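Written out below as structure tokens is the structure these notes cover.
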Amino acid sequence: MASVVLSEPEKLYIVHGVQEDLRVDGRGCEDYRCAEVETDVVSNTSGSARVKLGHTDILVGVKAEMGTPKLEKPDEGYLEFFVDCSANATPEFEGRGGEELGTEIANTLYRVFSSENSVDLKSLCINPREHCWVLYVDVLLLECGGNLFDAISIAVKAALFNTRIPKVRVLEDEEGSKEIELSDDPYDCIRLNVDDVPCIVTLSKIGYRHVVDATLQEEACSLASLLISVTSKGALTSMKKVGKGSLDPESIFEMMETGKRVGKSLHIALQKILDEEESLGTSRQKVGFLG
Amino acid sequence: MAAISMRLPVARKAVGPSASRGAEKHLVAPGDTITTDTGYMRGHGTYIDEEKLIASVAGAVERVNKLVCVKALKTRYNGEVGDIVVGRVTEVQQKRWKVETNSRLDSVLLLSSMNLPGGELRRRSAEDELAMRDYLQEGDLISAEVQSVFSDGALSLHTRSLKYGKLGQGVLVQVSPSLVKRQKTHFHDLPCGVSVILGNNGFIWIYPTPEQKDEEAGGFTTNLEPVSLSDREVISRLRNCIVALVTQKLMLFDTSILYCYEASLPHQIKDILQPEVMEEIVLETRQRLLDLEG
């Protein structure tokens, strides 16, 4: 993970600041940095989103392809995650340097989406046991500015909201062989219901308090963090502790409560911006990467 | 209470040229022809190809009599003798420290260029060499002056005055070196109770003003007491103001930072980084600076 080296007095300054609820950039312990969200930035995907949270820049593309359902779940489709840490973010990611971080993030995403109610997988089924939609979610890290997991989960939710899967019809032949027909109208598609898609909230323990949305400098001062995934209704779907320090059960409980509260506000803010973008329709001016 | 603000991205609009500039700046990109007149001497950032003077970096052309050079706008720090820099120690080697100063090569701080505690003047011994790590470790921040430039371009720093040395508690902001204006002094004590060091290499250090000037400290004893909340607020506000000025590409010097700070007072500290508030504050700062000049 990209990290900065800090001197001892600098770390002390940050820790004391967090104790008094005044971080280096003036935020409180539960404030996020200003986020920019844009969907439909990549034209050859079924859905895409780009999220900029401070100096963290994430691009997510979702491609819907036809595949065979898994043996244990014959009437459901599934999601596949792949995370690419581009060397654009930091020189440490050159070559195979970013693989470890990429697999860690991908495994966390699998865990977060492992709950049955996150995405309605039954709607992705075309023919039980034979055909289903597989959603390949590709995450690209363009810049690392702290708090990767939160930004990635926001971008994944926005991309899934933006995904348009073409409608297919199954035609039965006289011999019994099935044919799949794609509709002619390119705008005839099904959308996913993302109401229950969880978002990850990272709570970093600094000193005696915990902060949300830590920058790279704050991550260097924190010994332990808790990653929790929260749905819009405030339900926890998964929890993971990272870092070499320890957390005692009291603080874990407090962090969970903070995470649920912050997670709910995060979902409300994200849904509002996605609805606003949707309502602009074709008149929206796409900014993309050269704006 | 959690505050989360999300927004849709807005295309950046080009800020028009400010009216105060006398002559239009001649901006060039790498490969642009500057002049075909052979009477000029070529300076930094240019090369001669088929009797034409061509720019090799992106920046503004500067002409001094017969010398033509191109000053790049976004570049690594090119040190000159006498510059004040703020750097971070990356390595501790035999008889010297390697310091990162945002230049092409790490700068060097020789043990003999470092002032000993108490202001002693003596030859450095083997014990001093072994005790190097007690003075400066990896990750420590120092303020220093450029003593000389090696033939390969690396800078040799020195901390031979009591005002230089290891830095204590504070906040570091990293900006592009071309945005720091060259002035007589780079150590400023602002009236709001906070001091700032504007390093020529783009590292800006903001710290609370020490109450009394320690004579023998020389930068070795770091004050580890917690900084008061009021000082913290001023430091955070100043840091956000500097980030705002840098985003809008305004030159950084003590007056511009102070005006920006005063313009930001009606807003909350965390709101300063929102794009609309940033534009408003910087516009007001620019206006006041123009009034000051004209």
Expressed in nanometres to one decimal, the distance between label points 7 Å along Cα→Cβ at A:GLU250 and B:THR255 is 5.5
Using a cut-off of under 20 Å, list every residue of the stretch B:122-159 whose amide N is near the label point 7 Å from the Cα of B:ARG104 along the Cα-to-beta-carbon line. B:146-157
Per residue of A:12-19, how many C-beta atoms from partner chains lie within 10 Å of its own C-beta, taken as a mean? 5
Exposure-ranked with fewest Cβ neighbours within 10 Å first, A:VAL201, A:VAL5 stand as A:VAL5, A:VAL201
For the stretch B:106-212, what does the alpha-carbon gyration tensor say about shape, rounded, prolate or oblate, given a ≥ b ≥ c as the root eigenvalues, a/c under 1.5 as rounded, and a/b over b/c as prolate? oblate
Enter the mean number of other protein chain beta carbons within 10 Å of the beta carbon of each residue in B:267-276, as an integer. 3
Please work out how much length the chain gains when fully extended from A:VAL170 to A:ASP275, using 0.36 nm per residue of separation minus the C-alpha to C-alpha distance, in nm with one decimal. 34.5 nm
Based on the Cβ-Cβ distance of B:LYS52 and B:GLN94, what FRET efficiency does E = 1/(1 + (r/R0)^6) give at R0 = 56 Å, to the nearest 0.05? 0.70
Just the Kirkwood number for the stretch A:8-280, please: inverse of mean 1/r across all distinct Cα pairs, in Å, one decimal. 19.9
Listed highest first by mean packing, meaning other Cβ atoms within 10 Å per residue, what order do B:277-284, A:140-147 come in? A:140-147, B:277-284
Within 10 Å, count the other beta carbons around each residue, average over each peptide in A:69-82, B:247-260, B:198-211, and list them highest first. B:198-211, B:247-260, A:69-82
Using the Cβ atoms and a cut-off under 12 Å, what net charge is assigned to the surroundings of A:SER48, where Lys and Arg are +1 and Asp and Glu are -1? +1
Answer rounded, prolate or oblate for chain B, using the Cα gyration tensor with square roots of eigenvalues a ≥ b ≥ c: rounded when a/c is under 1.5, else prolate when a/b is larger than b/c, else oblate. oblate
In whole percents, the bins of 20 Å from zero upward hold the Cα-Cα pairs of the protein assembly as shown as 17, 45, 30, 8, 1, 0
Counting other beta carbons within 10 Å of each residue's own, what order do A:THR39, B:THR36 fall into, fewest first? B:THR36, A:THR39
Could you tell me the calculated FRET efficiency between B:ARG12 and B:LYS74, based on Cβ-Cβ distance and R0 = 22 angstrom, to the nearest 0.05? 0.90
Footprinting proxy, A:SER238, B:SER151, A:SER177: sorted fewest to most Cβ within 10 Å, the residues are B:SER151, A:SER177, A:SER238
What's the local net charge at A:ARG23, with K and R +1, D and E -1, over the other residues with C-beta under 12 Å away? -2
Antiparallel versus total DSSP beta bridges in chain A: what percent is that, nearest 5? 85
Give the percent of DSSP beta bridges with both residues in the protein assembly as shown that are antiparallel, rounded to the nearest 5. 85
Determine the shape class of the stretch B:28-72: with a ≥ b ≥ c the square roots of the Cα gyration tensor eigenvalues, call it rounded for a/c under 1.5, and otherwise prolate if a/b is greater than b/c, oblate otherwise. oblate
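Values in this text are rule-based calculations from the coordinates and carry no lab data. Computed from a predicted model, the values in this text were never measured in an experiment. Heads up, the Cβs are rebuilt from the backbone with ideal geometry, glycines too, and the neighbour counts pull from every protein chain shown.
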